[in-house]
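Data first, discussion second: the structure below is written as structure tokens.
The values are calculated or read from the model by the stated rules, or taken from the named source; none is laboratory data. Everything quoted here is computed from the prediction, not taken from an experiment. A quick note on method: Cβ atoms are made from the backbone with ideal geometry, for glycine too, and the neighbour counts reach across all protein chains shown.
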Amino acid sequence: VSRRAEAYGIPGKRIDGNDVFEVYKAVKAARAHVGKKGPYLIAAETYRYMGHSKSDANRYRSREEIDAWKKKDPIDNMRKLLEKHDIFTAAELNDFETAARQRIEDAVEYAVNSPEPDTADLPLDVYSD
């Protein structure tokens, strides 16, 4: 993906999407670029634990492969790091997670109850100029 973006004159970077700090640095650099020069692509490589859809039984990956990737889970690893360094307690992190889940549920409810967009708006904001 990042090579295709370069072919269109869009700079970008391929990163480890499981490394929270690498993602942070890449997003920070991208925001600085976008604010002055236009589009920027971040190709964040990560792992999907589940199948592509509900009909995908995910039989093409071994339990060992999935378990190995779960050890790299960015959310679990960041949570452990924050607790280890006494930045947040487990209770505080649980509260953050509960609040985030509620925000997601509220956003989904808002989207479901909102009118469909006007088809005349479809081509808006498609190009960078």
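This table checks each residue for (1) of a type in the set (Val, Ile, Thr); (2) exposed (fewer than 11 other Cβ atoms within 10 Å of the Cβ).
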position	(1), (2)
62	no, yes
76	no, no
81	no, no
97	no, no
104	yes, yes
109	no, yes
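If you go through the range 67-92 and pick out every residue that is under 21 Å from residue 17 (Cα atoms) and either under 19 Å from the mean Cα position of the chain (by Cα) or not aliphatic (A, V, I, L, M) (or both), you end up with 13. Cβ-Cβ contacts under 6 Å between residues 6 or more apart (or on different chains), taken from a first residue in the range 93-114 that is assigned by TED's automatic domain parsing to the domain that holds residue 79 to a second residue that is assigned to a helix (DSSP H, G or I) and not polar (S, T, N, Q), are listed as 93/79. All conditions in (1) among the charged types (D, E, K, R); (2) surrounded by 12 or more Cβ atoms within 10 Å (Cβ to Cβ); (3) modelled with pLDDT of 95 or more hold for residue 13, with the sole exception of (3). Of the set (1) of a type in the set (Phe, Trp, Tyr); (2) within 20 Å of residue 2 (Cβ to Cβ); (3) at pLDDT 95 or above, all apply to residue 110 but (2).
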